[in-house]
Structure formats: structure tokens, C-alpha cells
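Any read-out appearing in this document is the output of simple, stated calculations on the displayed coordinates, not a laboratory observation. Nothing here was measured: the structure is a model prediction, and the numbers come from that model. Cβ: placed from backbone, ideal geometry, glycine included. Neighbour counts: every protein chain shown.
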Amino acid sequence: MSDSSLVFEKIEREESHSFIGEGLFQKVAFFFIIVLTIEILWYGVFLPLQPFQSIQMSPLEGYSREQLLAMAGITKSSSYFSLSVPATIQALERIPEVESVTVQKQFPSSLVITIVPRHAVAILLLSVENKICPAYVDREGVIYKIKTSVQHPETTVFNLPVLSGIEFRGENPVGSRLPSALVPFLARLEVIQRSNPQLFQCLSEIRILQKAYGNYELVLYPLHYPIRVLTNLQLNEETLRYMILVLDVLTQKGVQVSEVDFRSGTVSFREKEASSGN
């Protein structure tokens, strides 16, 4: 056999092996493409069309999980593609006790709903069915709940100041708001409640006095002092602490006063009128 025939035979064998290798590679590549396509369709189309496999939702006092899901418009058939996040948030935020809602869809079939409930900073005493019931007010001035039976008074009613001097028309004020001018004051009241609960609990009643041109003033009734305190809406932790200090000093010195006025920035007070004896 000549050298040329050996060369041609070697080339043919190499071409044959190369063809077999390319064919095997194409088959393997085609197989992986099929598998990848199936996975993409499964996770990208099929699973998101299926009902949620996991729904995490924050609890809300007074409502069951089933009630909240129904109010949110979430059914057993709700899926990643079918659920509208804005509509779900809007539906849950219609609940008076809810301050805010966050809805997160986690691809491909999970849902996380975080509900932030309203937190009471004061109560109103309203007449409901011929009995006086506390109505809860939050930092935004929203009346979000009326409690006809106080199950835990030590943690609900007696630790909150009463807001008085506010009138409501209509049978059910739940969901209504106090005047917007009072909202900054209520927000500061909530700051005091969180940062200094002991100081906050010194307030027994806060009477709202409406003045001319939509202005307001406050009359505070401290818990341990039989003295009226006049102030403005700029009440904060520092000014409240100063007020209590002044009342404490007056009490220790035996000064008989009926009213202390902090509205002008300087302290003035009115002494109690002496009772006439026989």
C-alpha cells in the first residue's frame, strides 16, 4: 500500500470521528434546549398561572385570616398573573383599622401582605345605643374603631387621654377624621407616647378649644393634679415635661391654683378663689 493511500484513509477516519462527535454534540445540545424550554415554560408561564402556593399575611385584631383574604379580593384561584397589587392595597386600606398595606408578589407563586394597623393615641367618648363607648383616634386623626365592650381596660382605655370638645354628626363616625389642623398635634402626641409612656400617661383629658379663623388651643387635665393647664397645639415632650414640673413645684409649695397658662411662653396662673365661711 502506497503512502498516499494511507494518508487518504487516515483523513477519512478523522472526518468520520469528527462527524460522529458533532452529531453527538448536537443531540446533547438539543436535549438541553428542550429541557430549558420546558423549565422556562413551567416556571415562567405555568406556575404563575396556578393559584398561589404560599400566602403570608400580617394579622389584624378583630379579623380572621379568611375575612382579610376575602376583603382583599383574594380567592383560591388567585395567581401571580391575576392578582392586581394596587387593587389589593386599596381594598385592604378601606378597613378603618388599617393604616397602610404593602403587597409583594414573589415569583412564581408566593404572596406576602404586610398590614400596619392603626395605633390609638387618644379616645373620644361617644354615645352608642344609649351608652358611652370609647372611640379610638390615631396619629392621623382617624376615628378607626368604637369599642362597645372593654375586654382589657388596663391596656386600652385607661392608658389613653380623652379628647373632648369635639362634636360629630351622624350615627357612625368610624372612618371619619378630625380637623386637619389637629393632625400635627396628634403626631407629636404619638411621639410622646412612644418615647416616654410614663409622661404620656400623666394626661387624663385634653379638651380642644376652637378659636377664631380655624385656630385651636388645648386645655390639659393632668391625672394627678386638680389643675387646668392652658396651652397651644405645639405641645411636645419637652413642654409637657416642663408643665408637669411647674405643677409639681406649685403643689409642693402649697400654692392653691385652679389654672396654669403656658400659651404665651411664660407661666401665669390663677389662684383658687377662697370659699366664704359662715
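Once phi is turned into ³J(HN,Hα) by the Karplus curve 6.51 cos²θ - 1.76 cosθ + 1.60 with θ = phi - 60°, what whole-Hz value does each residue of the range 183-190 show in order, with x for glycine and proline?
These are the phi-based 3J(HN,Hα) values: 4, x, 4, 5, 5, 5, 5, 5 Hz.
Any idea how far apart residue 71 and residue 212 come out in nm if each label point goes 7 Å out from Cα toward Cβ?
4.5 nm
What size of dipole, in debye to the nearest 20, comes out for the range 120-271 about its Cα centre when the only charges are +1 on Lys and Arg C-beta atoms and -1 on Asp and Glu C-beta atoms?
Numbers: 15 positive and 15 negative charges, 23 e Å.
Around 100 debye, computed over the range 120-271.
Percent relative contact order of the range 54-207, based on C-alpha pairs within less than 8 angstrom and at least six residues apart?
18 percent
Taking 0.36 nm per residue of sequence separation and subtracting the Cα-Cα distance, how much length would be gained by fully extending the chain between residue 33 and residue 64, in nm to one decimal?
Here the segment from residue 33 to residue 64 would lengthen by 6.5 nm.
What distance in nm separates the simple spin-label points at residue 251 and residue 223, each placed 7 Å from Cα in the Cβ direction?
1.1 nm
Past 32 Å, Cα to Cα, is the threshold; run 131/211; 211/272; 145/211; 131/253 against it and keep the listed order.
Check vs 32 Å cut-off fails for 131/253.
What residues have an amide H closer than 5 Å to that of residue 122, excluding those fewer than 5 places away on the same chain, when H is modeled at 1.01 Å from N in the peptide plane?
HN-HN under 5 Å from residue 122: 137.
Please work out how much length the chain gains when fully extended from residue 55 to residue 130, using 0.36 nm per residue of separation minus the C-alpha to C-alpha distance, in nm with one decimal.
Length difference between fully extended and current span is 22.7 nm.
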